[in-house]
Each structure stands twice: as structure tokens, then as C-alpha cells.
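Asker: Before I ask anything, here is the structure I am working with.
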Amino acid sequence: MEKENVPQDKSNLTKNNVKELLYATDENGNYTTTLSTGWEPKTIALSNSIEEINERIAEARQQVLNGEVSPVVYFMEVNKMDLTILASYVGMWKWRVKKHFKPKNFATLSDKILQKYADAFEISIAELKNIKTE
């Protein structure tokens, strides 16, 4: 793509005055770098992804409030983690973390284990135990 044809569409990046670094060709056909504020197809894909993440967070929150899963599931979604990533952060096997997804197992966790989760999610143990009902 030629430097003067690099898209400058409005995107989620423009809200924070952030520009993306791209490679383009200059007038001599040599590759150079240029800045772009966004590209509409990429913006649409990013917006769809963010919308899906927000839906997953809302669903996880409702499951916690219904007593179907533990708060670990909710905070894992809020922090955009999956089971593998969370297990590595807390230093436990995946099967063990998955066991903590059940409310009855979560209720029996020691403060030491709860602190590992709280640290991974950058919250307090109190926040981990009490999801706001707002």
C-alpha cells in the first residue's frame, strides 16, 4: 500500500489519540513506516470482539449471582484470561483451578489460595469473595 493511501478511518484507537504504526511504500517504492488512526474493517472486528467479551463478562457475573459458578470465573473473564493463563498466574494445575470454579469448592479455599487468585486479578480477597450486585 502506498503511504498516501494508508487508511485514516475513525476507530477505537482515536478515542485515546493513539495511532498504529504501519508499513507502506513511499513515492520511490521503498518500504517506510507511517501512522494510521484506523481502518474500518479492523474497527468493526475489534468492536465485535469487545462486545463479545462484555457479553461473556455479563453472563459469568449472572452465573456467579445464581450460584452456578464461583467468582473465579467472573474475574477470569473480566481479566480476559483463559484457564491455561489463569493456572500459570496462580501456579496451579489447570484441573485444580477448574475445580475452584465450583462454588462449594471455592467456599473452602484457604486465604493463601484466595490471595493467589486476588493477586492474579489485582484485587483484594474481599473483592474476590463479593461481586457487586449492581
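Asker: Any idea which of Ile44, Ile113, Ile123, Ile57 is modelled with pLDDT under 95 and aliphatic (A, V, I, L, M)? Break it down stepwise before answering.
Answerer: Details: Ile113 fails: modelled with pLDDT under 95; Ile123 fails: modelled with pLDDT under 95; Ile57 fails: modelled with pLDDT under 95.
Criteria check complete, one pass: Ile44.
Asker: Further question on the same structure: Considering only residues that are more than 14 Å from Leu114 (Cβ to Cβ) and of a type in the set (Ser, Thr, Tyr), look in segment 62-88 and name the one that is surrounded by the most Cβ atoms within 10 Å (Cβ to Cβ).
Answerer: So, considering only residues that are more than 14 Å from Leu114 (Cβ to Cβ) and of a type in the set (Ser, Thr, Tyr), the one surrounded by the most Cβ atoms within 10 Å (Cβ to Cβ) is Tyr74.
Asker: If you don't mind, another one. Report, by residue number, each residue of segment 20-41 that is hydroxyl-bearing (Ser, Thr, Tyr), at pLDDT below 85 and in contact with a helix residue (DSSP H, G or I) (Cβ under 7 Å, 6 or more places away or on another chain).
Answerer: Thr37 - this is the single residue of segment 20-41 that is hydroxyl-bearing (Ser, Thr, Tyr), at pLDDT below 85 and in contact with a helix residue (DSSP H, G or I) (Cβ under 7 Å, 6 or more places away or on another chain).
Asker: Considering only residues of segment 1-19 that are of a type in the set (A, V, I, L, M, F, W, C) and outside any helix (DSSP H, G or I), which is modelled with the lowest pLDDT?
Answerer: As a first pass, look at segment 1-19 and keep what is of a type in the set (A, V, I, L, M, F, W, C): 1, 6, 13, 18.
Now narrow it down to the ones that are outside any helix (DSSP H, G or I): 1, 6, 18.
Details: Met1: 68, Val6: 71, Val18: 71.
Only one residue fits best here, namely Met1.
Rundown of residues vs (1) touching a residue at least 40 places away in the same chain (Cβ under 8 Å); (2) in a loop (DSSP other than H, G, I, E, B); (3) surrounded by 14 or more Cβ atoms within 10 Å (Cβ to Cβ); (4) among the basic types (Lys, Arg), yes/no style:
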residue	(1), (2), (3), (4)
Met92	no, yes, yes, no
Arg96	no, no, no, yes
Ile113	no, no, yes, no
Ala118	no, no, yes, no
Glu127	no, no, yes, no
Lys132	no, yes, no, yes
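The values are calculated or read from the model by the stated rules, or taken from the named source; none is laboratory data. Just so it is clear, the structure is predicted and the values come from calculations on it, not from any experiment. Glycine gets a Cβ as well: all are built from the backbone with ideal geometry, and neighbour counts include every protein chain shown.
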